[in-house]
Every structure is written in structure tokens, then in C-alpha cells.
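Written below as C-alpha cells is the structure these notes are about.
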Amino acid sequence: MKTAILTDTNSGITVEEGKKLGIYVLPMPFIIEGKCYVEGLDITKEALYDALLNDQEVSSSQPSPGDVLTLWDTVLGSGYDEIVYIPMSSGLSGSCHNAAWLARDYDSKVWVVDNHRISATLMEAVFDAKYLADQGIDGHDIKEHLEASAYQATIYISVNSLKYLKKSGRITASAAAIANILNIKPVLSIQGEKLDLFAKARGIRQSERKMVEALKADIANRFSQIPPNQLQIATAGTFRQPEDAEHWRQSVQSCFPQSKVYYTPLSCSIACHVGVDAVALGAVVVEDRHAENRKLT
């Protein structure tokens, strides 16, 4: 069996990066002032950040069934016997359930994985899937493995402003107003399907410290039996300046010197909800695979 690996840009893998890695990537759409854009194709992250900062109406969206089916048919028509499709978590978007419904007509040629992940943790699941496919593991077994190991990951994220979460209905307007007055920065957690409030901090620096402390606790407890070469630590964010992203990565690297920490920008779909200058930190258990398969910096 020749098995293709597919994901979407919420993994942090761009369409161009996917081509180099042998991974197919579906670009996710989002909407600015009623007009639909597709990540990486007809708009840049910088343009989205400008729209957010200018208080334009911004929202995330789902790929159309036609776009999903066109990609699947193209891949299957190019010599692959089956597809393993790993979209963002079903707990954060309906696109996973929609894809599973569409796959019923493909007679076990498309395996949709509900990996309960997003951003860097989803990225690592995609790399695991590619590694397993290259070892000759079939799509059914890859799906079973990824879903069984779905919760071997953790993400913490802190937003610089609550107005985007308020717009999307994640918090009330009154709660956002009080938090802004008191300079309260929420630390959010994704331990599986949902985005939950983990802690509150006064200012972004304190929220960063809380995220680092939380990850250290996860490593000492949840991941204490994991060999260092199978625990990947990653940073992410919606920074406007590259030097700010690198500063965050270096800050985390200094806290976890035993690991190789990389940075990946949060996708446009995520940015629609968390806004500009959000910071994120996560860890994920990975296959014992070659380092060159990872997105290291």
C-alpha cells in the first residue's frame, strides 16, 4: 500500500513546506469583512494581523466539501492507494467531523484521524504519520495509533488582548472589560479537545512564567517516563516581529536546556481567535524518528 499523509494549515505546516516534506496540506480559509481568504495563497499573516489591529471583522471558517474532495481525488489519482487525513481537533472545529462524513464514500481509501490536536502538537502527529507510512504501516493502523496517543500532548497559550475572544463569544464583554482594566492575561490550556482557562496572570511576563511552570510540572508528572528524545518542546505565537518570536523561543530554550526547542507561527485560523502577539508553549510525545523529519530551528 502506498499511503499519502494529509493535514491542514492549522498544523503549522504551510502548503510549500508540505511539498518539501512529502506531505499534502489543505490551506484553511478565513473571512475578513465578509471576504474569504485562504491561508498562504492570497493573503499573508501580516495582512491578517493588520486587519485584527484595525478592528476589522475577522472570523475563521472551514474548507468547503468541494475543496476537501478535490484534494483527496487529486492525491488518489496520483498513484496513492489510500490517504491518512489529520485535520485539527474535532473539539475545536467541525471540519474533522465533516471530513469523516465525506470519507464514507471512499471505501476505506481515506482514513480521517481525530487526533484532538492543533498547531505544533498536530504538526508532530503529522510527522509521526509520515514516518510510519514510510515504514510501510497502512492507513488503518496509522489512524489507530494516532488516536490512541492523541492525549500525549499539552499546550498553553496566553493572549495579549481579550477582545478577539470576546468577539468570538469565548468570554463575555464585561469579563473582557474588567480583565483589560486590571491587565489580566489569561493562560489557556489545551489538554485534548477543548480550550480551557488554566490560570490568570497580571501582565504578559507573568503569564509566560506560569506557562513554563505548568510545562515543567507536566514533564515531571505526565511525561516522566518518556525518554528525552521522544519529548518535543515547541513554542508558537502570533508575533509581528521575528525578533520577538526568537526571543520567546530562546527564553523557553533556556528553561529546557535538555531539549531542542523550535518556534512555529500559529495559523491564521487560530490568530482569528487569539489575536496579535499571543504566545504559546507545548510539548508532545513523538515517535523515535530521525531528527531531520522534524521542523527544527
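Quick one: 3J(HN,Hα) in Hz for the stretch 100-114, Karplus 6.51/-1.76/1.60 with θ = phi - 60°, rounded, Gly and Pro as x.
So the J values, rounded to whole Hz, are 4, 5, 5, 5, 4, 8, 10, 6, 6, 8, 10, 10, 8, 9, 9.
Taking the solvent-accessible surface of protein heavy atoms with a 1.4 Å probe, what is the per residue accessible area of the chain in Å²?
On the way: 13350 Å² over 297 residues.
Value returned for the chain: 45 Å² of accessible area per residue.
So what's the angle, to the nearest 10 degrees on a 0 to 90 scale, between helix 204-220 and the longest Cα principal axis of the chain?
The angle comes out near 50 degrees.
With the crude spin-label approximation of a point 7 Å out along Cα→Cβ, what separation in nm comes out for Glu144 versus Glu46?
Computed distance between label sites Glu144 and Glu46 equals 4.9 nm.
Across the stretch 125-134, in residue order, what do the Karplus-derived ³J(HN,Hα) couplings come to in whole Hz, using 6.51 cos²θ - 1.76 cosθ + 1.60 with θ = phi - 60° and x for Gly and Pro?
5, 5, 5, 4, 4, 5, 4, 5, 4, 5
What are the ³J(HN,Hα) couplings of the stretch 255-263, residue after residue, when phi is run through the Karplus curve with 6.51, -1.76, 1.60 and θ = phi - 60°? Round to Hz, x for glycine and proline.
Coupling constants for the stretch 255-263: 7, 10, x, 7, 10, 9, 9, 10, 10 Hz.
Which of Thr154, Thr121, Thr44 ends up with the largest GNM mean-square fluctuation for the chain, with Cα atoms connected below 10 Å?
Per the Cα network of the chain with a 10 Å cutoff, Thr44 tops the list.
Rounded to two decimals, what ratio of Rg to Rh does the chain give with C-alpha atoms and a Kirkwood Rh?
Dividing the radius of gyration by the Kirkwood radius yields 0.96.
Given q = 0.16, 0.19, 0.26 Å⁻¹, what are the Debye log10 I(q)/I(0) values for the stretch 65-151, with equal point scatterers placed on the Cα positions and solvent ignored?
-0.59, -0.85, -1.47
Amide H to amide H, which residues 5 or more places from Ile83 or on other chains are under 5 Å from it, using H placed in the peptide plane?
Ala4, Val110, Trp111
Mean-square fluctuation check for the chain, GNM, Cα pairs under 10 Å: which of Tyr106, Tyr262, Tyr49 is largest?
Maximum fluctuation in the GNM of the chain, among the listed residues, is at Tyr106.
Go through Lys216/Lys260; Lys19/Lys130; Lys45/Lys216 and tell me which ones have a Cα-Cα distance over 20 Å in this structure.
Table pairs above 20 Å Cα-Cα are Lys45/Lys216.
Quick one: net charge around Arg240, please, counting Lys, Arg +1 and Asp, Glu -1 for every other residue with C-beta under 12 Å from its C-beta.
Taking every Cβ under 12 Å from that of Arg240, the sum is -4.
Determine the share of the stretch 9-127's accessible area contributed by carbon and sulfur atoms, expressed in whole percent, with a 1.4 angstrom probe.
Exposed carbon and sulfur together represent 51 percent of the surface.
The values are calculated or read from the model by the stated rules, or taken from the named source; none is laboratory data. This one's a predicted model, so the numbers in the text were calculated from it and none came from an experiment. All Cβ positions, glycine included, derive from the backbone under ideal geometry; neighbour counts span all protein chains shown. In case anyone asks, the SASA skips ligands and DNA or RNA and just uses the protein heavy atoms, side chains included. Shrake-Rupley method; radii C 1.70, N 1.55, O 1.52, S 1.80 Å.
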